[in-house]
Structure formats: structure tokens, C-alpha cells
There are 4 protein chains.
Amino acid sequence: MTTPHKKLRTAILGASGYTGAELIRLLQRHPYVEIVLLTADRKAGEPIEQVFPHLGGEGLPDLMALSDVEWAGLELDVVFCALPHATSQRIIRGILHATGHDFIDEMVIEQPDDYANAIKGSVKVIDLSADFRLRDPDVYAQWYGGEHEALSLQKEAVYGLPEQYRDAIRNARLVACPGCYPTAALLALLPLLSEKAISKDGIIIDAKSGVTGAGRSLKEANLFTEVSEAMHPYGIAAHRHAPEIEQELSLACGSDLLVNFTPHLIPMNRGELETIYVSLEKGQTASDLRDILKARYADERFVTILDEGAVPATRHVRGSNNAHIAVFDDRIPGRAIIVAVIDNLVKGSSGQAIQNMNIMFGFDEALSLEQMALFP
Amino acid sequence: MTTPHKKLRTAILGASGYTGAELIRLLQRHPYVEIVLLTADRKAGEPIEQVFPHLGGEGLPDLMALSDVEWAGLELDVVFCALPHATSQRIIRGILHATGHDFIDEMVIEQPDDYANAIKGSVKVIDLSADFRLRDPDVYAQWYGGEHEALSLQKEAVYGLPEQYRDAIRNARLVACPGCYPTAALLALLPLLSEKAISKDGIIIDAKSGVTGAGRSLKEANLFTEVSEAMHPYGIAAHRHAPEIEQELSLACGSDLLVNFTPHLIPMNRGELETIYVSLEKGQTASDLRDILKARYADERFVTILDEGAVPATRHVRGSNNAHIAVFDDRIPGRAIIVAVIDNLVKGSSGQAIQNMNIMFGFDEALSLEQMALFP
Amino acid sequence: MTTPHKKLRTAILGASGYTGAELIRLLQRHPYVEIVLLTADRKAGEPIEQVFPHLGGEGLPDLMALSDVEWAGLELDVVFCALPHATSQRIIRGILHATGHDFIDEMVIEQPDDYANAIKGSVKVIDLSADFRLRDPDVYAQWYGGEHEALSLQKEAVYGLPEQYRDAIRNARLVACPGCYPTAALLALLPLLSEKAISKDGIIIDAKSGVTGAGRSLKEANLFTEVSEAMHPYGIAAHRHAPEIEQELSLACGSDLLVNFTPHLIPMNRGELETIYVSLEKGQTASDLRDILKARYADERFVTILDEGAVPATRHVRGSNNAHIAVFDDRIPGRAIIVAVIDNLVKGSSGQAIQNMNIMFGFDEALSLEQMALFP
Amino acid sequence: MTTPHKKLRTAILGASGYTGAELIRLLQRHPYVEIVLLTADRKAGEPIEQVFPHLGGEGLPDLMALSDVEWAGLELDVVFCALPHATSQRIIRGILHATGHDFIDEMVIEQPDDYANAIKGSVKVIDLSADFRLRDPDVYAQWYGGEHEALSLQKEAVYGLPEQYRDAIRNARLVACPGCYPTAALLALLPLLSEKAISKDGIIIDAKSGVTGAGRSLKEANLFTEVSEAMHPYGIAAHRHAPEIEQELSLACGSDLLVNFTPHLIPMNRGELETIYVSLEKGQTASDLRDILKARYADERFVTILDEGAVPATRHVRGSNNAHIAVFDDRIPGRAIIVAVIDNLVKGSSGQAIQNMNIMFGFDEALSLEQMALFP
């Protein structure tokens, strides 16, 4: 394997959470990435093997507190930001101002050819928080409890769903990766609304997620003893991913809409499944929907539309960046059922973030994301 | 404790499955029950502790093959039938003919002490299979792949949802216990349709079940390795519980309807959760729905309507005969979300069967069903 | 059912943990118990259904802070103390002084009907913490990090393993319930050491426990995401249950000994399994060991010695107060393997505490503990 | 990446089991491997995506029945045999006779340099069954219920534990991959016995495994409902991995020995943990043992000896080819505790098989095995 002489100097902020760990797992095997900074305030000073023993033995830098980072000398090419919302916007605003190195012109990389061109600007930021997902500052303020503190960046940020916004992502300085639930819902629904195959009214998204979606924070509700052998809905009609889904679906169909979005906590680690109930536009059938999706995703590496009769299951995508989507007839005439599955930590989060990085830097989009699903 | 001199001579047919085991677990602690026959064709000749070590040490009879049973001498008072469909109808027809009693007209029960009178009449049968649930023979034939072989009994059978049909159950000779999914759906929806608070159109029942719902049969799909850390829908738009739900809902609202019913397999043993999406009739609110349900179930021992804001979880009813139901506003105006949870093996099956028995024999309805939920 | 006119006025201190919840689950169905006080400092003021929705609807008192309890007017008959160690000893010392009775010397109980006499005397305390288990204050100080603050009570306390100390428990004012791991180990080993059938040297106890053993406290290591699909040992050669096991085994064999005790965390809620490796005394066989245990426990309600070939499994005792023990030949001559299983929250904790209460008050020892295991 | 012009033509026999699937998952990303044959008798004719949807979309050959394979034209370079024992020996004997192509001399591969030399012989076979693990035909017959049918091959086969037999593997035509349990036990114990740091007497191996170790076959004991929330030992003192462990340990210490080996089934998919109890030779300490292991494995890519205090957990190696081993003081003087973890499907089976392939063909030993562990 011929690697370029210089690898992307990469930072992961918020490296002690599960999305942070997943970024490390995947990026550490990326041929053009060198991880030079890992931050984690609560675990500052600890070696990564103490926080995540499964990532040990790789010569990774110790975890630092954010406030101790000296950005100037780091010469970062790319920053993955896996911090809590609100914190993210402050840090990212700071980075984009502070780093200030406009040209990495000394960087000469032989191939892939486009790569050198791609990074000739300044540092690029890939944000995994919710801070730059919502385009309307009022909607942000309403759902996240306060004014946005980096409004110009919010305007600049590109919504990082590669299958929808690949061209914009390619030239973006700041990419806001979609939430895990929106990723699955949008992959399933955007083409159908664009093609006016389904009604924009009364879309019902019954979502089920493994527990990693709740992160590594200490909450009684996330204890093994509370979750195991149990399930329950949460955030009913009030989950922050609802406005995010609505924003993108509204853009696709050209007018505002509201969706029902009801997530459930399932006793498993990884995996997200959405059962989506839709009304067909006149003359449309489930089979038509399947054809639209198949055509739309024919050239996509990570999205598979299943043949009639095949049933998606989260185990088929575990640990991989793949999305599986299937369409079914409803028993009620004029309706259809769409089922989409992803691994919330990969396509729903860290994997998609890396897919975005690959696009932003002109790499093969699948670099370090080629792993097949781990089953059982 | 003053027990009557004579206990009900009780048979459990199909005792090597999970519903069979659950019947034993609960009935063996019932003060008025004596288990005198356990059948299980594949395990014939084995002591119960070999098949279910958790039920050992109780002096229960060994398992017999159905074909070896000599019914005449058994003097059974009650038969629980946990056999596969089609088999059930044949066996039950045989039992009711063989025992030779046509009706228990002398049956007058005022209090438990008098129950000895109650069993002077003929044997009573409580069927846990699907064979006598569907009232329309054509619907049965369509969904279960063949003509019904006991049509007159099918007409006679009472649908064993106590909260709906308590009076008919009290006088029934044959009770057909509802399926687990229909139990939760009907408890939630029947009062709302009766009161015309919700539309009968477009009802969507997204159901999630633990794996015991699939029984103890050997299927690759039910291996630990296939189910654990995984989830998937099944029987989409084609599950046999859909016509059962539709039958009862149609009766409640006075005209035919179709529902969307989509079950999912969840990596846990017990527990069933249904998230039901409904359209409100004009002027109704989620709060009105809650009030209707609270009023309807105020006197019911096993159905609890949660206060606003409380969220049902399967762990709250595990191992118990309780159903918890809650109503939520939908984000889409004019709609509401209803969430119902039960333990599929108890209220969804064996517990409800025993609740029916208690009613049929004039006992306190909660006898042997008083256990609180087991959590964690 | 003929209940006495007066029920035991019962307090549960530390009711927001899992052992507290399990005490409520079982005691609330005890015919001679009335729960009049529930404390939980972090949840003070909350109704129990908010903390444990599975225990709702029973008219239980709200949770109180310990410091707000006015002991004088409570007229408690029995206190279950499920508090952290160190706290326990202070509270129990306070209770036994505050209630002001020194001994129940007039206590003569012959049958449940007479139990009203039994509670004329002083309150009795059943402690589920570790505070009164260790007889030697130095050993306590060494393992629990400080001097004991109620030394006279420590001397008075009876170690609450009913199968070993039933007579002393019957007359005790303060019972110290064994730890979950010691319960299983002692039931298996005490008779064998007493009978000199096994060597006291080199006993190896490889223990595996479900996660409820770790309680409901917020630790990263107990998150679902950390525990599920994973296992690991902990407290290797340094677990506090080791000296407790050694104390009782030393008493049984008449001289000091050390054991290897290595616990492991297993991804399940309930259940504890100990695989114990022992050297046989000359002339002894695995079969002899089985015979000794069978003879020893022939009259015990909750201890079953399995026949040759049968294999214990935690699922066979889940939710019940039963212990299953089996003996196996080792492949290495002169050695044997003993396997013991219990439900750590029942026989290993709250169930055994109630068994002790039943003994202390002259009730049938199995009252409220008759439930069969819940499987699956 | 510069791949050689020709890839190894690779067959996987028994591709519908979990080890087969794991071989496909890993080999399909190996730069020098082309899978040209997949067999699975019960699933013959099915495309792989039907049997393992997580492996779909890769253009893999459909599954064939073994009896339908026309070996002659396949020009296989390497065969992975994941068939049941007894079947394996017959098939492998057939292959090694039938294929008969002695030189793949047309194969010209530029680099890695040694590779062309490595495959100049005929097809190579890597067996994952137990058929060629035991060196003594009598021991084989005793434990596997019949005479071995390929005795000369049994003599020729090399035991495929790379860390122990790397040189012999490099030149082998037939490699017998170790069982999963022996892999972990031998990595931990071989250096210690070779160095005479521990006694060969009384070694106790308490093993715990996830359920994938039981394969994908339909047994009631492997149903989710039987395994979940449960654990139990099995094959006590009679597991076939015991003689395999003893064979290799005896070789290491120069005389026969017997071990206690007691496996337990744990409710998780992947992962194996062995807690090994040993007696120290005079003058040795746990710390000495750790030093011996650290020195022994300093240059090994897949074996990590943890520093004092660090505790192995199966989640740290899930999905990876890594083994983690740690040594602890025992509470009993003169003894020590060794804990080893692997993923049974990777280092314990398919990953180790590929590691062997890499050695046999002169590749970098870690090719396609570089994945970091998947956690959570």
C-alpha cells in the first residue's frame, strides 16, 4: 500500500464517549489519518487504554482537558467534535478563528490525486453534536434552550448526509453530521417525498434504538439492571430529532410538515430500526416506492434497498456503515410501511462523520469504512 | 386459610411449552386447584423437573402423550389447552363429547366456599390456542389454512377478555383466550372506539414483543445468537393477530375496519409493548382519551391507566397479570399516541387464562395472580 | 384466610435500592406484615410508584429521609435495614436504643395465631448490610475501613443463615443477613467441612453474579452498554465476602482457613452461580459429598441437592428463595466440583431476610416466599 | 494498494455456521484472497445473503452441497474446513488426494516476496474442526467415539497455535486449528509450564463462554429464551477440550498431566474468559509469572499481557484477534490466578485460522486481522 507522505493531523474532541471511541476505532485504521489530539475533560491525563482498553496498544496520545490544548502548534487538518451541544458551538467557533493557518501548502501528497487540492484551505471541522444541524436559529433556541452562539457558522455549516448533500460537503469547512434517528428516516423518506410518491401528511416514525444512543453518561435509566429485559418509549412527541427530520423533509417536499416521531429504548447495545408508516400518493404502490429508492441509491456504497420480501434486521448492519431499507404493503389500502436499519454508532454517527471526511478531502468515500457487519 | 374440601381437578394439555410452564407456576399456588394431568407429546414419560427444573419438587404428575390419556376416569373439572392450533379444536371437541355433559345448568355460585357445587356439572375448557378466537369460519379458514373442524363449538366459545366479556365468561363452557398482542391492543382501544373518541380508520399498532412469544420450538430465528443484540419486524401486514384485533374492534365500533399491525422481535424474554397511533374524533384530546380509559377501568384489578406524563415500560409488569396503559399527545394535531404494556406470558396468555378460570368458577378473580411484578 | 387482628408494623430502611424493592415485593404479600415506613434519602418525598412503578397502586407510604423519621410513635415490630455499611450500624444502634426495649424475654410463640404476643416486646432488626456479619472487630476494621461503632450489638447479632443458625435466629433481636456470595458458598460447604469430607485447604470458589448484585448506584461499570455482551472478574483476591466466608467455614471445621474467592460480573439481572473446587478427604467421593448434603438438607424447604447428573442453572431459581446444589466428579482424582445457584436478590438477600423474619416471629418459614421460579 | 496479480483461490467448507460466516467476513477484506467456493449442505443452492444477510452484496458464490463440488477444476490454493468432526477428516483426505495439483507454478506474485515460494506446493488445508488436533489416535477414539479415518494426515497435521508452532505452520500442508477454550488456556499456561514457574498438578480452568461457541445448530438449550438471563456449567469434567489442553500442556512440561476444565454458558454472543487457578513453584510469585508472559509475548501481535492491576474483560477483545492475559495474587499463599480473554469466533476460531493462513503463505501475519475490538 502506497500511503502519502503526510497524513491528516486529526483531533477528536470528546474522546471518552462512545462516538469518540468509535471514531478512534475506525480512524486509527484509516491510511491517511494520524490522530494527534484526544480530549476528554473528565478523564484528562489518562491514557486511552485506561478509558477504553479495547483501543490500547496503538500509541495514541493521552487524553487532555479541552482548556489545556494549545491549538496553535497542532497544525490540525481536521477536527472531529463529539462534545455536548452548546459546548460544541463555542469550541468550534474558537478553533476556526484560532487555528488560522490558511494553507497547508507544504503538504505534498502523491495520491489520490485530488487529495492535495482538497486540503489546501484551513482546518476542517466535522461536528457530531446537534449544534449546527438546525438551519433556523429560532427552532434551535426553542429545542435546545438558548440562543445559538455561532450564528454565522450555523449558516455556513453543511448538513452532513452524504447521499443528499455530497457536493456541498465536498467544499465545506464545517459539516454538521445528522443525528442517528434522522439519518435512517431521511435516507428512507427524502427520495419518496421528492418524487411525490408519498403524502407529506401523517408520517409516523416509530423508532427503536439500542442503548449506545444514550451515550456513556451516568443515568439510572441506563443501568444494565434498568434496561435489560425491558423496553419503553421515551421523549414521546418531544424528541429533539423531530425538528431535524422535519427540516430536511420540508426541504424535500417544498413545504412545511410535522411528523410523529416516537423513539423506544431496546435492550441491546447497537442498532437502530425505524418502522415508518406513510400514506401513498394516488396511484402509487409499495412496489413503486421500492423502485424509486432502488433507483435513487443504485450508486451508493452504503445504502441497500432490499428486494421484496426481505426483512431488515439491525444485526445485518452491526458495526458497519451500511443502511438497509425495505418497503412493504400495508394491510390498509393506500398506505405503505418502510423499515430502515443502521448501526447508530457508525452510519448514525462516527462512520458517517468519517464518510464526510473522506468526501471533504477527496478520498475514496469508503476508506476505513469497509468492514462488514459483525454478526453474531 | 379455609380451603374447600375439594380442589378443581385440573389438566394442562401442552405442558412442555412456555405457556404450559407458566400455567403450572401460577396454578400450583392456587388454593382451589389440583393439577392431575400434564400432557406433552414430545416429552411423554418425563417428569416435569426434567423438562422444567424450576417446577420440580412439587409432586406434579409426569408428562403423558395425549393419545395415552384415559379421559373417562380423570373426572376433570377444568382443562387448560395450550396446544398448537388445529390440534386444539380436535382435542377440545373430543373432550367435550367424551365427558358427556351438555351444560352446567345447576351451577349456582355465591362464594368460594360453595365452589364444590360448581364442579358437579361438566368439565370446562380454557383454550390458549387461536382455534376458537375467530367468530367467522371463513376468516379462520383464510388465516389458518383450513376449515374449522368444530364449528358448533366455535360458535359457543366465549372470547376470553375478562374486562370485556366477564358476564359471558362466567357462564361459558369453553373460553378462547385472546392472543397476547390482541389483549394489549383491545384493552387500549375498545373503550375509545365504543365511546367514538377515536376514528376507526388508519389505526396503526406498532407492537414489540420479547422472545417467549415465539414459544419453545426449535427455529434458527429464535436462537440466542440470532436474537441477542438484534431486532427486526416480522409478519408485516400478515400476522394472524390482525384479524383477531379487527374482529373485536369492529364489534366495538359497529362496522368493519382494518388496522395496521406490525410486530417486532425484541431481545428480551418477557414483555410486550404496543405503540398505537390513532386519529382523534373531532373535539377529542389525548386528555379525553385518558379520562375515558380511567373511567372504564376504575374497578378493574389488572388494568392501570397511568397519569399524564408517566411512561409505561415492560419491566413494570414483568411476571404479573397487570396491564399498564398511557395516552400521549401527538406532535401532529388531531392525533394521539397510546402505549400499552403487558407480560405476554401472563396477562397475554396464562395469567389471563387463570383469570378466566377464576371467573368461570366464581372465585376471587385475582386468586394466584396477586404476585407483584419482578424487577429487575 | 384467617389473619391475626394485628399485623407486624414493618419498616424498610433504604427502600429505593433493589434489595429494598425486593423486600416490598415479597412483604406486601405477607399475610402478617403491614409496611408502615419506607425510607430513602435521595428520593425522600417521592411516592414509591415514582421510584419503582412496578410496586405502585398498593397504598404504600411515601419515601422519607431517615433524618425525618419520628421513631417514637411508629410502634414498629420489625425493621429491615437495607442501608450502606457503616450507616447501618449507626442507625440500628439508634433504633435499638430509641425504642427502648432490652429484650423480649416474655416471647413465647407456638403458632401464627399467637403471634400478637410476640410483638409485645421490643422491635427486631434484620440487617441486610455487611455491618454485623463479621464477628471479629479487627477483621471488620481491616475490610471495611474503620472501627465498628456498635461493638456490643455486633457481638449480639446472629448470622442469619437459617439453615445453620435457626435456633439462634429464633431468639435474636438483631439478625445480620449473610452476603449473597457467602449464602451460596456456605450452604454448599458447611456440611462438608463439618463432616470432614473435604479438605479445608485450597478451596476455590469461582463465583459469577448477575448485575443486581452491584445495586442501583450510578457507576459507569454498571451501565448497560458496559455490561451487556461482556464479562469480567472483579475484586480478585480482595472481595469483602471472602473474610465472611472464611469466618463461617473456620467455625465449621474448627480452625482457620483461607479460601480463594473470585467473583465475575455476568450480563444478566438476577442469579448467582458458584463453581467450587475442593480436595476430598481420603476415602471420600463426589457421591459421598452428595449424600452428606442430601441428608443435611432433607428437611429444608429452600435447599435442593440435585440428583447425580442434573446440572444447576440460575434460571431454575430466578425470583424464588430456592438454592440448588449439585456435586460432580473432578477429572483430577481426589477432587470434586460443587455447583450452587441462588437468586442473589431473594435467597441471597431479601428473601432470606424474610425467611429470618418468619423464624424470629414464629411464622411458617415460607410465608410470602412460596413463589416458584420465574422462567423464562 | 498494489495487490498481486493472482489471489489465493479459497474455499470455505461449512459456510452456513458462525465460524464460516466469520471466515467470510474477514477473508473478504483480505487483499490476497478470492473466495471461489462456499459449501453448506443444508442450505445448498441458496445465495449467501439469504443465509447471512450481513454478508450480502459482495458477489460471493452461492452455497453448494459438498457432494456437488467438482474439485478438479477449482484449482484451489487454500481450503478452510469448518465442518463437523468426523466429516472433516473424510473430506480433507479426499481433497488432499483429489486435487493433486502439486505446483501452482504459473502463479507469479510480485510481493510480498516470500509469497510465491510459500505456495509452490499443492493446496493447503486449514481445519477448524477437532479432527486433527489430538495426536494420539486412542485419545481421539475415546473422546470422539470412533476410529480416526485419516491417520497419516493426523500425524502430518500441525497444531495451529501460531505463537507456539509458527515455524511448523509455515511449512505445513494441513493445519489443525485449536479449539477456542484450548487457545486461551494454552496461551496463558504454556510459557509458565515450560519455565517451570507453576506446578503441573491441580491446574483448574474455570471457563466461561458466549453462546456462539455452541454454533448455529438447533438445540433447545441454545434458544434465546433458555440462555438469556441465565447461566450454567456444562460438560463438567467431560468436555472434549480437556484432552486437547492436556496434550499440549503435557508436551510443555515433559510429562503427563490432568487438568480440571469446567466450561459455563454465559448469556452473550461472543467472548470467552478463563479464570485459571494454579500452584506456584517454590520461590515464584504472581509477579514472576507476569514477567515470564511479558517476555514470552513481547513480539507477538495478538497477545497482550496486562500490567499489574488491569483486569481483562471480554468486551476489550470483541470482534478482534486479540488475547488479553493478566496475572493476580491469590489470597491463598503459594497460588496465583491467571485470567485470559479472547473472542471465541476470532482468535478462538476463524481469526486464528486466517492467522495460520497468513503464516502458511508468507503474508504479513495480521492481514485482514487488523480490526480493533468493537465496543460497545
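Quick look at the values:
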quantity: Average beta carbon contacts from partner chains per residue of B:347-356, 10 Å cutoff; calculated: 0
quantity: Segment B:181-344: Cα Rg divided by the 2.2 N^0.38 Å rule of thumb; calculated: 1.03
quantity: Shape category assigned to segment D:202-287 from the gyration tensor of Cα positions, a/c cut at 1.5; calculated: prolate
quantity: 10 Å Cβ neighbours from other chains, averaged over peptide B:309-321; calculated: 5
quantity: Diffusion coefficient, µm² s⁻¹, Stokes-Einstein with Kirkwood Rh over alpha-carbon pairs of chain B at 25 °C and 0.890 mPa s; calculated: 116 µm²/s
quantity: Alpha carbon centroid spacing (whole Å) that separates segment B:320-374 from segment D:245-286; calculated: 51 Å
quantity: At least 20 Å along the helix axis (C-alpha) and Kyte average at least 1.6, DSSP helices within chain B; calculated: B:180-194
quantity: Listed peptides B:11-19, A:252-260, D:156-164 by packing density, highest first (mean Cβ within 10 Å); calculated: B:11-19, D:156-164, A:252-260
quantity: Gain upon complete extension [B:Glu34, B:Ala86; 0.36 nm per residue less C-alpha separation]; calculated: 16.0 nm
quantity: Estimated inter-spin distance, B:Ser217 and C:Ala221, nm [label 7 Å along Cα→Cβ]; calculated: 4.5 nm
quantity: Shielding by partners - mean other protein chain Cβ count within 10 Å, residues of C:158-171; calculated: 0
quantity: Formal net charge of residues neighbouring B:Glu248 (Cβ-Cβ distance under 13 Å; K, R +1; D, E -1); calculated: -2
quantity: Exposure proxy order (Cβ contacts within 10 Å, fewest to most) of A:Arg135, C:Arg270; calculated: A:Arg135, C:Arg270
quantity: Computed over chain B: relative contact order in percent, which uses C-alpha pairs under 8 Å that are six or more apart; calculated: 17 percent
quantity: Pairwise FRET efficiency - A:Asp256 versus C:Ala366, Cβ, R0 = 51 Å, nearest 0.05; calculated: 0.20
quantity: Built amide H within the under 5 Å cut-off of A:Val33, gap 5+; calculated: A:Leu8
quantity: Mean Cα-pair separation over length for segment B:181-344, i.e. relative contact order, pairs under 8 Å, 6 or more apart, %; calculated: 30 percent
quantity: Cα gyration tensor, the protein assembly as shown - rounded (a/c under 1.5), prolate or oblate; calculated: rounded
quantity: Cα centroid of segment A:157-198 to Cα centroid of segment B:23-79, whole Å; calculated: 59 Å
quantity: Local electrostatic count at A:Arg331 - Lys and Arg +1, Asp and Glu -1, tallied over other residues with Cβ under 15 Å; calculated: -4
quantity: Local net charge near B:Asp299, Cβ-Cβ under 13 Å (Lys/Arg +1, Asp/Glu -1); calculated: +1
quantity: Fewest-first sequence of C:Met231, A:Met360 by Cβ atoms within 10 Å of each Cβ; calculated: A:Met360, C:Met231
quantity: Sequence of A:Ser209, A:Ser350, D:Ser287, D:Ser88 once ranked by neighbouring C-beta atoms within 10 Å, starting from the fewest; calculated: D:Ser287, D:Ser88, A:Ser209, A:Ser350
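Rule-based calculations on the coordinates, nothing more; no lab input. Small disclaimer: the values here were computed from a predicted structure and weren't measured. Note that we place each Cβ from the backbone using ideal geometry, even for glycine, and neighbour counts take in every protein chain shown.
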